[in-house]
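The values are calculated or read from the model by the stated rules, or taken from the named source; none is laboratory data. Owing to the predicted nature of the structure, the values given are computational and were not obtained by experimental measurement. We place every Cβ from the backbone using ideal geometry, glycine too, and count neighbours over all the protein chains shown. Ligands, DNA and RNA are stripped out before the accessible areas are found, and what is left, the full protein with its side chains, is counted by its heavy atoms. Shrake-Rupley method; radii C 1.70, N 1.55, O 1.52, S 1.80 Å.
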Amino acid sequence: MKAELRSSKKSKKPSETKRSRDDGVIQLLDGTIAVIDTAKGVVSILLARGILETIANILTVVKTVIKNKSDFQAIANKCKTIGERLKSATKDATADDLPEYLGRALFRLKELVNNINSDIASKKEKGFFSRLDFTAEWCFKVENMPPSRPAMLHGYDGLVAELTNLVINKKHLVLIGPGGMGKSSVAKAIINEQSIKDKFADRHFFVTYDGLDPSAITFETFMMRFVEALGIDIAGVDPLCQISSFLRSANTLVVLDNAETFEEASQLSASKDILAAIAEIANIDGILLVLTSRSRRNASNMRCTTKNIPPLDLNSARAVKVLEGGKGKLHKFSDTMQLLLSSPSVQDLDKDGLHVLAIIANLPQGLNEDMASHLLPSLLQVDHICDVLCMQSLVYCQDKFLKMLAPIWHYVQDSLQAPDMCLQEIHTFYYHTVASCLKECDWYANIIISDHPNIEDVVAFNLANIQDDTEETYVACWQFLERLTWHLPCLTTLTPAISNIIANSSM
């Protein structure tokens, strides 16, 4: 009998492993409560602060009373996320201008959290875990609230109004631009426009595919992100059918952010299912899609209006710089470029794609798209390379020249080297063009008119740096200046350069 009693007591003694696990959870709970207390101090909405206070109380009970603490590690992680999301969601809101959808979500969240808190207070240990089966619901309410309007969106008000009008008039949108251009911010502004809230009420959702590897994305991953944003439970093997059923129940606006992730998966087996799903969703009556993408490829074959997100005008760019104190996304731009350059379509170009990028950055005008194969004859696929770089928004075409935005230009200048062979090919083509140009307007004259800043840059560089072909460069220089007087009289930097050469040679 005594042996049985000793055995019974021994069986009830917690293992060292469990004790260690519970100690770890206590530390996690302490940290989570600290995070929520910090959030309470900065959240301006009284309702949100009350929710955070109740959540902190729930965690305190778990920490001090509940025996099976290790069962609540996931709950602690969720609560920490809630504190961070509430802080973010209400950052730009005040009690006077609280968005209607956010107010309704907070009231629902408060009701659910209060129910859990009351249940804990009354039962404490017994039945606690079973009553937390619906915790995912209240955790989910904040985690998946649509993002608020960006605090700073200078220079894009007209564009936001135009795009909002297109959505109201039942047009699917695809917003195109390089990373950091403001595509996501514009999409967030659209879903927070009053006319959008009036039309779609609470049914506007923001699905982000940021941070996923395009080469590894699966149909299941794509659908899971979609389902999580919608906040629905699915059962069975056909999530698309259940998503479609939910979307058909009322007018709905869905933003698919960072769509290049699944567009870049176009060479993979999962792509066919993903793109078919997008097309099917786009065809549901009352459903509007807004996609943001770095890629110009409309892989889903969805009938839509495509809009390029333009660079900010100078005044707006200065305003943003002043308000942001010179900070923003630039410190992350290297990561954005690495992501762009690692996309499957750019990787398929191998080193030739990087060479073309370096050449475009090396030319003051950029690369003449019509002359690319003449300027770079060793790159047999140069036209295809240029198309891919445009689709990935690494470069853009303006007046038939391929250019790049300043942040990309600086990254390429710092990170990539133009091959000597390609630079020599450009040198040879431009020198031949200058030598072959006649006083009558011809093909060569048209190239000098269109490419004269590039030609001037090549000649000026050779005058300053290359000694081996000085005579050839002198001849090319005076021929170029003469051709300009024939076809495009203008000032250049070459005249004072030549004067300096003459002055130095006479000394």
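Among the protein heavy atoms of the stretch 210-276, carbon and sulfur supply 52% of the accessible surface, probe 1.4 Å, non-protein parts ignored. Report the calculated FRET efficiency for Leu240 and Gln413 (r = Cβ-Cβ distance, R0 = 41 Å), to the nearest 0.05. Calculated transfer efficiency: 0.35. Which value, in Å² rounded to 10, gives the accessible area of Thr485 with a 1.4 Å probe and all protein chains present? My reading of the accessible area for Thr485 is about 90 Å².
Residue separation of Glu220 and Asp370 scaled by 0.36 nm, minus their Cα-Cα distance, works out to 49.7 nm of gained length.
In this calculation the C-beta distance from Asn169 to Asp233 is compared with R0 = 22 Å, giving a FRET efficiency of 0.10.
For Pro419, neighbours were defined as the other residues whose beta-carbon sits under 15 Å from its Cβ, and their charges (Lys and Arg +1, Asp and Glu -1) total -3. The phi torsions of the stretch 211-221, fed into the Karplus equation with coefficients 6.51, -1.76 and 1.60 and a -60° offset, translate into couplings of x, 8, 7, x, 6, 10, 5, 10, 4, 5, 4 Hz, rounded to whole numbers, with Gly and Pro shown as x. Shape analysis of the stretch 187-263 places it in the oblate category; the axes a ≥ b ≥ c from the Cα gyration tensor give an a/c of at least 1.5, with a/b not above b/c.
Solvent-accessible area of Val174, all protein chains in place: 10 Å² (probe radius 1.4 Å, heavy atoms, ligands and nucleic acids excluded). Across the stretch 246-264, no residue has a backbone nitrogen under 11 Å from the label position 7 Å along the beta-carbon direction of Asp213. Residue order by solvent-accessible surface for Tyr474, Tyr156 is Tyr474, Tyr156, largest first, with ligands and nucleic acids left out and a 1.4 Å probe.
Cα centroid separation, the stretch 365-384 to the stretch 186-260: 40 Å. Computed from backbone phi with θ = phi - 60° and the Karplus coefficients 6.51, -1.76 and 1.60, the 3J(HN,Hα) list for the stretch 383-388 is 5, 5, 4, 4, 4, 5 Hz; x is used for glycine and proline. Can you classify the stretch 391-435 as rounded, prolate or oblate using the Cα gyration tensor, where a ≥ b ≥ c are the square roots of its eigenvalues, rounded means a/c under 1.5, and otherwise it's prolate if a/b beats b/c and oblate if not? Oblate. Across Leu380, Leu163, the residue with the most accessible area heads the list, and the full order at a 1.4 Å probe is Leu380, Leu163. Rounded to the nearest Hz, the phi-derived 3J(HN,Hα) couplings of the stretch 392-409 under the Karplus curve 6.51 cos²θ - 1.76 cosθ + 1.60 (θ = phi - 60°) are 8, 6, 6, 9, 9, 9, 9, 6, 6, 10, 7, 10, 9, 5, 3, x, 5, 4, where x marks glycine and proline. In this rough spin-label picture, where each label sits 7 Å from Cα along the Cβ direction, the Ile449-Lys351 distance is 4.0 nm. Pairs with C-alpha atoms separated by more than 19 Å, drawn from the list Lys400/Lys439; Lys199/Lys307; Lys171/Lys197; Lys188/Lys403; Lys403/Lys439, are Lys400/Lys439; Lys199/Lys307; Lys188/Lys403; Lys403/Lys439. Exposure check, 1.4 Å probe, all protein chains in place: Phe206 carries approximately 40 Å² of accessible surface.
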